[in-house]
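Okay, so here's the structure we're looking at.
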Amino acid sequence: MSRYETVIGLEVHVELKTQTKLFCRCATSFGAQPNAHTCPVCLGHPGALPVTNEQAVLLALRAALALQCTIPPVTSFDRKNYFYPDSPKAYQISQFAHPIGRNGVVEVAFGRTTERIRIHQVHLEEDAGKLIHEPYRSLVDLNRAGTPLIEIVTEPDLRSAEHAKMFLEQLRDIILYCGVSDGKMEEGSLRCDANVSLRPIGATTLGTKTEIKNMNSFRAVQGGIAYEVARQTALLDRGERVVQQTRRWDEAQSITIAMRSKEQAQDYRYFADPDLGGIALSDQLITQVRDALPELPLAKRQRYEQQYGLSEYDAASLTAHVALTKLFDEAMAHAADAKTVANVLLGDVCAYANAHDAPLSTLPITGAHIAQLAALLAQGTISQPIAKKVLKQTLQTGEAPNDIVATQGLTQIQDSDAIDALVTQVITAHPQSVADVRSGKTQALGFLVGQVMRASQGKANPALVNELLKKRL
Amino acid sequence: MHEQTDVASHVAALALLHLDAQRHAALAQQLHEIVQYAHKLYEVDVAHVDPMSHGVVAAVPWRTDTCARDTTVEQLLHSAPAREGTFYVVPPVIE
């Protein structure tokens with residue numbers, strides 16, 4: 001049992017899903033030729049003036065409202081000054097005095113308990129360019145310079161590396177649900193720095209913190225923080241003190257490495273950007289954006305459990321992906337059986353998407369298709385094996401299950417006489433298995449059931465096959 | 001004044017500017033005067049005044065989120081001190 005309490009605050013950078021940069025008309029798309037997406041504005045040429053992208057402000061406002069922030073009547077931009085070749089203007093346009101959102105909160109599920117993690121602020125800013133370091137020179141690509149970001153700063157409310165990871169995953173889900181960003185950590189559109197400190201259990205003042213950077217995956221966030229907690233615990237146990245510094249997570253070695261101490265920290269000399277006036281956020285605009293917010297992941301998950309009686313696991317699995325909940329909600333709008341729909345989506349549909357490395361949103365299946373399939377199963381029109389076959393075809397072609405069943409004559413055989421005739425054929429063809437069953441080897445029964453199903457091309461009602469076989473043996 | 005001489009050297013180093021002694025002294029003197037003027041401004045009590053950057057608040061034009069290009073990569077790279085393909089090349093910087 002540790003003598004210390006861990007205190008963690010996160011700073012999360014989220015790239016906004018816009019077509020163009022924050023202050024110019026350059027494209028934000030990924031993977032272009034170096035510097036192809038630049039212009040005099042994002043290169044900071046003298047005389048070039050920034051003009052704010054309306055969509056970026058609206059997305060930032062949507063995120064701030066989803067995080068239950070207080071929105072100021074006027075939000076404005078400030079210059080954060082620093083010298084580095086990834087910033088051609090020698091300053092970053094950010095928000096300091098009047099950020100777009102303050103004092104928010106996120107309800108986060110940690111297993112069965114839900115906790116409120118406070119959001120200190122959400123602010124809008126532009127991204128920097130990319131540098132490629134070579135031994136005697138650095139190459140500069142400014143395609144990313146000026147791409148709109150929001151930075152979400154939490155209060156120091158997280159208490160373990162695992163919770164920090166869970167918080168970040170659920171924050172990512174909120175961002176995805178709101179359509180604010182694509183949230184891809186591996187492509188850098190979601191990045192996270194963590195401030196970590198320890199204090200004796202029961203203490204109310206904060207201990208000296210270190211900031212960890214360069215954590216590019218959820219696993220890295222958990223690993224980086226866990227390492228830092230262990231490192232600081234060892235220091236304090238030896239009677240040494242923690243030095244306030246910025247540290248870098250080294251994925252390969254699974255350690256954090258000191259980058260710079262507080263004494264080396266820069267003074268950014270923030271001041272209001274004279275090229276950009278304040279942006280009025282009227283009550284009407286705020287209400288309009290708030291009203292258009294979708295149901296957020298945790299609320300949806302709780303509703304799935306309460307309204308449809310789904311298990312915590314199924315509800316959590318469905319709400320972990322926006323595309324899955326979209327299909328589920330569409331299917332349920334057709335009054336389908338919730339458990340069947342959840343099973344189909346989490347089972348065969350996810351397996352198909354994984355096997356073909358295809359995002360769910362690109363598959364030609366709709367919620368109406370899933371509802372049809374669930375109804376066909378519930379009514380006993382098709383058997384489970386046929387349902388799998390039909391679903392596969394729908395996933396490949398987008399044909400409706402009802403049409404597939406009708407055109408291919410896949411309706412389940414319920415007629416006892418017809419099935420009995422198949423049972424007779426199978427018994428005659430497999431005398432050894434019949435003898436095995438009669439001598440008590442029950443496994444052979446499964447084989448015989450399989451043979452009858454095969455003879456019926458999967459269309460026989462399996463329960464009826466079982467029953468008739470047992471009667472004859 | 002001595003302090004501004006150090007600052008002038010520091011800023012010049014950051015900006016990769018090579019200043020001769022005469023130019024350096026002139027710039028340090030200018031910097032000294034500017035800082036003195038700023039110190040004079042400190043005397044004004046602005047504790048309860050919001051920072052102001054513009055004469056008109058909240059009247060800025062926005063633009064729609066649509067792409068457009070007025071310049072080519074070649075035109076923009078024309079002013080590059082050094083280039084490799086379409087990259088800008090700068091002296092090595094490792095943080």
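The values are calculated or read from the model by the stated rules, or taken from the named source; none is laboratory data. Remember, it's a predicted structure, so these values are computed and weren't measured experimentally. Glycine also receives a Cβ, built like all others from the backbone with ideal geometry; neighbour counts cover every protein chain displayed.
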Any chance you could count how many residues in region A:65-85 are in contact with a Ser or Thr (Cβ under 9 Å, 6 or more places away or on another chain) and either under 27 Å from A:PHE167 (Cβ atoms) or part of a loop (DSSP other than H, G, I, E, B) (or both)?
5
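Anything in region A:130-168 that is within 14 Å of chain B (Cβ to nearest Cβ) and basic (Lys, Arg)? List them, or say none.
Within region A:130-168, the first condition is being within 14 Å of chain B (Cβ to nearest Cβ), and the residues that meet it are A:130-148.
Answer for region A:130-168, where residues must be within 14 Å of chain B (Cβ to nearest Cβ) and basic (Lys, Arg): A:LYS130, A:ARG137, A:ARG144.
To keep it simple, each residue is scored yes or no on (1) touching a Phe, Trp or Tyr at 6+ places or on another chain (Cβ under 9 Å); (2) assigned to a helix (DSSP H, G or I).
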| residue | (1), (2) |
| --- | --- |
| A:ILE370 | yes, yes |
| A:LEU373 | no, yes |
| A:ILE382 | no, no |
| A:LYS392 | yes, yes |
| A:ASN402 | no, yes |
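Does A:PRO99 qualify as being under 25 Å from A:ARG172 (Cβ atoms) and outside any strand (DSSP E or B)?
When the stated conditions are applied, A:PRO99 passes them.
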Could you list, in sequence order, all residues of region A:265-284 that are hydroxyl-bearing (Ser, Thr, Tyr) and either under 17 Å from A:SER94 (Cα atoms) or more than 10 Å from chain B (Cβ to nearest Cβ) (or both)?
A:TYR268, A:TYR270
Considering only region A:108-155, state which residues are without any contact (Cβ under 8 Å) to a residue 40 or more places away in the chain and among the aliphatic types (A, V, I, L, M).
A:ILE132
What are the residues in region A:1-56 that are free of Cβ contacts under 8 Å to residues at least 60 places away in the same chain, small (Gly, Ala, Ser) and assigned to a loop (DSSP other than H, G, I, E, B), if any?
A:SER29, A:GLY31, A:GLY44, A:GLY47, A:ALA48
Out of A:GLY398, A:GLY380, I need the residue that is surrounded by fewer than 16 Cβ atoms within 10 Å (Cβ to Cβ), touching a residue at least 60 places away in the same chain (Cβ under 8 Å) and not polar (S, T, N, Q). Which one?
A:GLY380
Taking strands (runs of 3 or more DSSP E) that fall entirely within region A:126-198, which contain at least 3 residues that are in contact with a His (Cβ under 8 Å, 6 or more places away or on another chain)?
A:148-154
Answer yes or no: is there a residue in region A:64-75 that is on the phi > 0 side of the Ramachandran plot and touching a residue at least 24 places away in the same chain (Cβ under 8 Å).
yes
Output the number of residues of region A:462-471 satisfying the condition of being at pLDDT below 80 and either exposed (fewer than 14 other Cβ atoms within 10 Å of the Cβ) or part of a loop (DSSP other than H, G, I, E, B) (or both).
1
Mind checking whether some residue in region A:52-70 is farther than 28 Å from A:ALA299 by Cα, within 12 Å of another protein chain (Cβ to nearest Cβ), in contact with a strand residue (DSSP E or B) (Cβ under 8 Å, 6 or more places away or on another chain) and among the hydrophobic types (A, V, I, L, M, F, W, C)?
no
Filtered residue count, region A:404-420, keeping only those that are surrounded by fewer than 13 Cβ atoms within 10 Å (Cβ to Cβ) and in a helix (DSSP H, G or I):
3
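Can you say whether A:ASP275 is more than 24 Å from the chain's Cα centre (by Cα) and of a type in the set (D, E, K, R), as far as the supplied structure shows?
Judged against the criteria, A:ASP275 is a match.
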Can A:ALA323 be described as within 30 Å of A:GLY111 (Cα to Cα), of a type outside the set (Lys, Arg), modelled with pLDDT under 90 and crowded, with 18+ Cβ neighbours inside 10 Å?
no
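Could you look through region A:33-51, keep only residues that are crowded, with 16+ Cβ neighbours inside 10 Å and small (Gly, Ala, Ser), and pick out the one that is nearest to the other protein chains (Cβ to nearest Cβ)?
Going through the qualifying residues, I end up with A:ALA36.
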Test set (1) under 27 Å from A:VAL105 (Cβ atoms); (2) in the same structural domain as A:LEU176 (by TED's automatic domain parsing); (3) buried (at least 16 other Cβ atoms within 10 Å of the Cβ) - A:LEU318 fails condition number
(2)
I'd like the full set of residues that are touching a His at 6+ places or on another chain (Cβ under 9 Å) and surrounded by 20 or more Cβ atoms within 10 Å (Cβ to Cβ), limited to region A:421-450.
A:LEU448
Qualifying residue in region A:249-261 (condition: within 14 Å of another protein chain (Cβ to nearest Cβ) and among the β-branched types (Val, Ile, Thr)):
yes
Residues in region A:195-203: is at least one closer than 23 Å to A:THR113 by Cβ, in contact with a strand residue (DSSP E or B) (Cβ under 6 Å, 6 or more places away or on another chain) and not aliphatic (A, V, I, L, M)?
yes
I'd like to know if region A:108-129 contains one or more residues that are more than 29 Å from A:ALA32 (Cβ to Cβ), within 13 Å of chain B (Cβ to nearest Cβ) and surrounded by 20 or more Cβ atoms within 10 Å (Cβ to Cβ).
no
List pairs: first in region B:83-94 and within 7 Å of chain A (Cβ to nearest Cβ) and among the aromatic types (Phe, Trp, Tyr), second part of a loop (DSSP other than H, G, I, E, B) and surrounded by 15 or more Cβ atoms within 10 Å (Cβ to Cβ), Cβ under 6 Å, 6+ apart or cross-chain?
B:PHE87/A:PRO34; B:TYR88/B:ALA80
Exactly one of these conditions fails for A:LEU298: (1) touching a Phe, Trp or Tyr at 6+ places or on another chain (Cβ under 9 Å); (2) touching a residue at least 40 places away in the same chain (Cβ under 8 Å). Give me its number.
(1)
